[in-house]
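A short worksheet on the structure shown next.
Please treat every number below as a calculation from the coordinates, not as lab data. In this text the structure is predicted, and so the values were computed from the model without any measurement. Cβ atoms come from the backbone with ideal geometry, glycine included; neighbour counts cover every protein chain shown.
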Ligand SMILES: C[S@@+](CC[C@H](N)C(=O)[O-])C[C@H]1O[C@@H](n2cnc3c(N)ncnc32)[C@H](O)[C@@H]1O
């Protein structure tokens, strides 16, 4: 099917006719009146709503059926008569007079399809399936109704006023764009949502002044944003919002391309991550980049795997930004420390099985660190029910050797690799066999180790409870 071409018609002071007097006809007439059209309604048996619209002078009501010639001089016609002869005659007349016609629910007669619409004042989001599936259009509209809050109405007006001001002062395009970027920041919508229109207005004035004043722009802002364990479905709404408006996105190696699709078209997307056999940027370089971009007036998203503050060096990045005098905000993410066990169907706590959980890193920077970390690991293992070890792969043997004397060699362990990704895999085995099981299964990074009786629970309920696109492959060794 050939797709239709969407347009937004300016119908102010143009003549439009609606044929029929039922609920759909009334809805169409109201929509046209709202857009400034001069509306005639033709209905043999008009209901109370039509009479009321006519009584208020909103429409001209002809209390009769359609007559050939009714479309003459019209810019647009909507036939909601549900009458076959009217449909066919109207369609012929529309063609003769070059009038755009929509016959409700009869695509074969239509010049245009009525899209499903999300209305926020002057802002209109119109959804069309080219007549293929009105059900899809209305399902999508229902979703957008929830996503696009009422604050978009005053925002559209605010940006409109700012735009007219900047254009009348002939401000260069790139400076205008920067001002609009500021107005699209989530915090302005937050102000409008909470009824603080005055504060939003003064930020808009500030952005406009900035655009018209020569010299360096004020600092941008850095958002340290958690991207979750991989599945983009686990991004927060705030993360999605910030990605859509960021000028620069500086991301970790483990961020999948499906997540980066949420970056805006104009965003500069930079992979700052380290991967096997490939050195990414050093932490100092990453800090320096974030500070430099912010000082150019750009809004930066530093997109980090999982949660920014769980073994993600997010704390260090925040400290460096604060020291440099750059505004920083932090958006929590779903940490793999909880998501990885969960994706494998392992509850980290469960009544009667485990009432405490500790999250530790299995990564040791030096030999001296290693000895100290392993002692701490042993102490922790002795005092909690469930131990979650991030970055366990390089020192898995050492970790197992440290834990076994404390929790016993038959304590169950699970290694979850690439949790929530298409290629998620889990191996479970008694602690003293987990390294062999991992080797045998060729488990790859990123992986998370879980040690505790809760792993046994997963054997029964398993990952069936966890919604994910791909079914995880599981390899289990008997206890
Ligand atoms: C440097 S830490 C960062 C943790 C991250 N900030 C978080 O909250 O998830 C990286 C470790 O997180 C764990 N990890 C990250 N993504 C994972 C995933 N999709 N599946 C399993 N483990 C994951 C692995 O243990 C990996 O070595």
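Sort 94-102, 166-174 for me by packing, meaning the mean count of neighbouring Cβ atoms within 10 Å per residue, highest on top.
94-102, 166-174
Any idea what the relative contact order of the chain is, in percent, if you count C-alpha pairs under 8 Å spaced at least 6 apart?
9 percent
Would you work out the relative contact order for the range 112-189, in percent, from Cα pairs under 8 angstrom that are 6 or more residues apart?
Worked out over the range 112-189, it gives 24 percent.
Order by neighbour count: 310, 300, fewest other Cβ atoms within 10 Å first, most last.
Starting with the residue having the fewest Cβ neighbours, the order is 310, 300.
Could you grab the relative contact order for the range 15-114? Cα pairs under 8 Å, six or more apart, rounded to a whole percent.
Value for the range 15-114: 27 percent.
Just to confirm the number: angle between the C-alpha axis of helix 173-183 and the first principal axis of the chain, 0 to 90 degrees, nearest 10?
So the helix axis and the longest Cα principal axis differ by about 70 degrees.
Please give the length that would be gained between residue 49 and residue 327 if that part of the chain were fully extended, namely 0.36 nm times their separation in residues minus their C-alpha to C-alpha distance (nm, one decimal).
That pair, residue 49 and residue 327, stretches by 94.6 nm at full extension.
May I ask you to sort 187, 84, 317 by Cβ crowding, counting other Cβ atoms within 10 Å and putting the fewest first?
Neighbour counts put them in this order, fewest first: 84, 187, 317.
Could you work out how far helix 84-97 tilts from the main Cα principal axis of the chain, as a 0 to 90 degree angle to the nearest 10?
The angle comes out at about 80 degrees.
Round to the nearest 10 and give me the degree value, 0 to 90, for the angle of helix 134-147's Cα axis relative to the longest principal axis of the chain.
So the helix axis and the longest Cα principal axis differ by about 60 degrees.
Normalise the Debye intensity by I(0) for the chain, one equal point scatterer per Cα, no solvent, then take log10 at q = 0.07, 0.09, 0.11 Å⁻¹ and round to two decimals.
Ignoring solvent entirely, the Cα scatterers give -0.58, -0.81, -0.98.
Taking the mean number of other Cβ atoms within 10 Å as a proxy for protection, how do you rank 223-234, 260-271 from highest to lowest? Intermediate results must be reported in sequence, preceding the final value.
Values: 223-234: 24.2, 260-271: 14.6.
Averaged packing, sorted descending, gives the order 223-234, 260-271.
Please report 456, 425, 146 as a ranked list, fewest other C-beta atoms within 10 angstrom at the top and most at the bottom.
Ascending number of Cβ neighbours within 10 Å: 146, 456, 425.
Can you pull the percent of Cα pairs in the range 1-79 with separation above 20 Å?
More than 20 Å apart: 29 percent of the Cα pairs in the range 1-79.
For the range 177-281, rounded, prolate or oblate, judged on the Cα gyration tensor with a ≥ b ≥ c (square roots of eigenvalues), a/c < 1.5 rounded, else prolate if a/b > b/c?
oblate
Helix-only estimate, please: 222 nm mean residue ellipticity of the chain, summing -39500 (n - 2.57) across DSSP H runs of length 4 or more and dividing by its residues, to the nearest 500. Each step should come with its number before you reach the end.
Numbers: 17 runs with 189 residues, N = 479.
When only DSSP H runs of four or more count, the value is -12000 deg cm²/dmol.
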